[in-house]
Amino acid sequence: MPKKVLIDCDPGIDDALALALAHGSPELDVVGVTTVAGNVGLPHTTNNALCLADFYGMDVPIAAGAGRPLVREALTAGDVHGGNGLGGVVLPAATARAIDGHAVDRIVDELAAAPGEISLVAIGPLTNIALAVRKEPRIVEWAREFVVMGGSYTRGNRNPAAEFNVLADPEAAAVAFDAGWRTTMVGLDLTAQARATAEVRERFGALGRLEAELLSPILDFYAQHRQYRAEGPAVHDACAVAHVLDPGLLSTVPARVDVETHGRFTSGMTVTDFDAPAERCNADVATVLDTGAFWNRVLTAFERVAAELPE
Ligand code: RIB
Ligand code: CA
């Protein structure tokens, strides 16, 4: 029986790879996609999700969510993902529109309808997640698991203290980590191990249109960013999906994670205490990636997606 998964995202180059990994893995059933403002504005993240779903052949309801953080001004990452969020790649226009209704209601309704069955995976700022928790606190019991690509227990990527998804909406991240569920935090310390190096990308060569029309141009754009020039682009978001796909791919350590929301220089920092007593731990923090097995899974999924693309 496939694992049901609901993905909240801000496509986004690595979000695009995460969606392909999810769609190309028969072990997963993507029951919903919700979008949030993050890498780029909500119109772009939503349109990118719709175009990617079409391109991949995903038949999934997509609901648009929050267009801005809970209290702060919007933070974007166009320098990393391009002004349109996909490195300037323009996919064929989406044939479907976003469904009626807000992403937050979609998250609550999906989890309510299938308690204990759906893995909630957040790979953008946590604004939709926080709003959903506030609207219906019982989702923390209904979600089968809650997995976040975000945070870091060493240093950030947007500044020395903070990773982008958490920094984009620290107040939302604090709500999410404090909601009462056990968060699996897939942060930069883990995702930095998932680099689309030249050696990895050589394996994409047989992926036809998927590689030529999407993977190659978006990864070329992504790789030029200063944070990726030395070791190659980190496919952050795919790691969060990989954890749901095969929990054995990521080693985790229990910890207490608190999100700084007041620091002048440290807002958005995920303060991670691996020495916290068990009763204070609210997260399992990913530390080590089985890189070889991860990329094998990714390639297998991408091969399935590529095989579905019409010539
Ligand atoms: O810091 C990496 C995260 O921020 C990824 O989710 C990327 O897509 C951006 O949203
Ligand atoms: Ca993302």
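The values are calculated or read from the model by the stated rules, or taken from the named source; none is laboratory data. Keep in mind it's a predicted model, so treat the numbers as computed, not measured. Cβ sites come from the backbone with ideal geometry, for glycine too, and all protein chains shown count toward neighbours.
Annotations for the structure displayed:
- For the criterion of being on the phi > 0 side of the Ramachandran plot, among the small types (Gly, Ala, Ser) and within 14 Å of ligand 1 (Cβ to nearest atom), GLY151 passes.
- Residues located in region 158-194, provided they are surrounded by fewer than 21 Cβ atoms within 10 Å (Cβ to Cβ) and over 30 Å from ALA113 (Cα atoms): ARG158, ASN159, PRO160, ALA161, ASP189, ALA192, GLN193
- Restricted to region 54-143, the set of helices (runs of 4 or more DSSP H) holding at least 1 residues that are within 16 Å of ligand 1 (Cβ to nearest atom) and either at pLDDT 95 or above or farther than 30 Å from ASN159 by Cβ (or both) comprises 78-81, 103-113, 127-135.
- Boolean, ASP15 is within 14 Å of ligand 1 (Cβ to nearest atom), surrounded by fewer than 24 Cβ atoms within 10 Å (Cβ to Cβ) and not in a loop (DSSP other than H, G, I, E, B): no
- Identity of the residue in region 110-138, buried (at least 22 other Cβ atoms within 10 Å of the Cβ), among the hydrophobic types (A, V, I, L, M, F, W, C) and in contact with a strand residue (DSSP E or B) (Cβ under 8 Å, 6 or more places away or on another chain), that ends up farthest from LEU70 (Cα to Cα): ILE118
- Region 1-50, subset polar (S, T, N, Q) and within 18 Å of ALA93 (Cβ to Cβ), residue farthest from ligand 2 (Cβ to nearest atom): ASN47
- Being closer than 16 Å to VAL33 by Cα, away from ligand 2 (no atom under 16 Å from the Cβ) and among the aliphatic types (A, V, I, L, M) is a property that LEU126 lacks.
- Pair list, Cβ < 7 Å and 6+ apart or interchain, from region 23-42 residues that are closer than 17 Å to LEU111 by Cβ to residues that are within 16 Å of ligand 2 (Cβ to nearest atom) and among the polar types (S, T, N, Q): THR34/ASN128; VAL36/THR45; VAL36/THR127; VAL36/ASN128
- Wholly enclosed helices (runs of 4 or more DSSP H) of region 145-215 bearing at least 2 residues touching a residue at least 60 places away in the same chain (Cβ under 8 Å): 164-168, 170-177, 188-191
- Members of region 195-218 that are away from ligand 1 (no atom under 13 Å from the Cβ), crowded, with 18+ Cβ neighbours inside 10 Å and of a type in the set (A, V, I, L, M): ALA196, VAL200, LEU207, LEU210, LEU214, LEU215
- Where strands (runs of 3 or more DSSP E) fall wholly inside region 232-311, the ranges with 2 or more residues that are buried (at least 22 other Cβ atoms within 10 Å of the Cβ) and touching a Lys or Arg at 6+ places or on another chain (Cβ under 8 Å) are 283-289.
- Any hit, region 60-72, residues being closer than 19 Å to LEU214 by Cβ and in contact (Cβ under 8 Å) with a residue 12 or more places away in the chain: yes
- Count of region 221-231 residues, restricted to those that are part of a helix (DSSP H, G or I) and either of a type in the set (D, E, K, R) or in contact with an Asp or Glu (Cβ under 6 Å, 6 or more places away or on another chain) (or both), is 2.
- Index of the failed condition, TYR222 passing every other in (1) surrounded by 16 or more Cβ atoms within 10 Å (Cβ to Cβ); (2) under 27 Å from LEU6 (Cα atoms); (3) free of Cβ contacts under 8 Å to residues at least 60 places away in the same chain; (4) of a type outside the set (A, V, I, L, M, F, W, C): (3)
- Filter result for the condition that a residue is in contact with a Ser or Thr (Cβ under 9 Å, 6 or more places away or on another chain) and either of a type in the set (S, T, N, Q) or under 25 Å from GLY83 (Cβ atoms) (or both), over ALA230, ALA234, ALA255, ALA223: ALA234
- Condition broken by ILE218, with the remaining ones in (1) away from ligand 2 (no atom under 16 Å from the Cβ); (2) of a type in the set (A, V, I, L, M, F, W, C); (3) part of a helix (DSSP H, G or I) satisfied: (1)
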